[in-house]
1. If amide H atoms are built 1.01 Å from N in the plane of the peptide, which residues on other chains or at least 5 residues away come under 5 Å of the amide H of Arg27?
2. Find the eigenvalues of the gyration tensor of the Cα atoms of the chain, then list the square roots of 5 times those eigenvalues as equivalent ellipsoid semi-axes, largest first, in whole angstrom.
3. Could you please state how large a percent of the accessible area of the chain is carbon and sulfur, counting protein chains only and using a 1.4 Å probe?
Amino acid sequence: MDLIHFRMVVPPDLTQPVLDLLAPHDRVLNLVVVRAAHVPDGDAVECDVLTGAANGVLADLRGLGIDRTGSIAVDDVDMMFCSWSSRASSAPSAS
């Protein structure tokens, strides 16, 4: 399974909209939030996204302004071990 890892610093007022976008998405795995990141001030949000959905998820995050008011780092995931991850790769896409 090919995955892309997103690491973001999200202004606190946009954390809930980001979670509302990512949490129900069937191509988003391992969603993690750490409250109160510093430099810049905000919350740290990380997730893994199936490669085929990554451009759409990134466009949605940019639509919320995360790239302008916070930051988004994108990395390839070389390897992941997880018993339930194969279900996400076979689920119908929800964009």
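The values are calculated or read from the model by the stated rules, or taken from the named source; none is laboratory data. Everything numeric here is computed off the predicted structure, so don't read it as measured data. Heavy atoms of the whole protein, side chains included, go into the accessibility calculation; ligands, DNA and RNA do not. Shrake-Rupley method; radii C 1.70, N 1.55, O 1.52, S 1.80 Å.
1. Excluding prolines and chain starts, which carry no amide H, the hits are Ala94.
2. They are 23, 14, 11 Å, listed from largest to smallest.
3. Details: 2950 of 5530 Å².
Accessible surface attributable to carbon and sulfur in the chain totals 53 percent.
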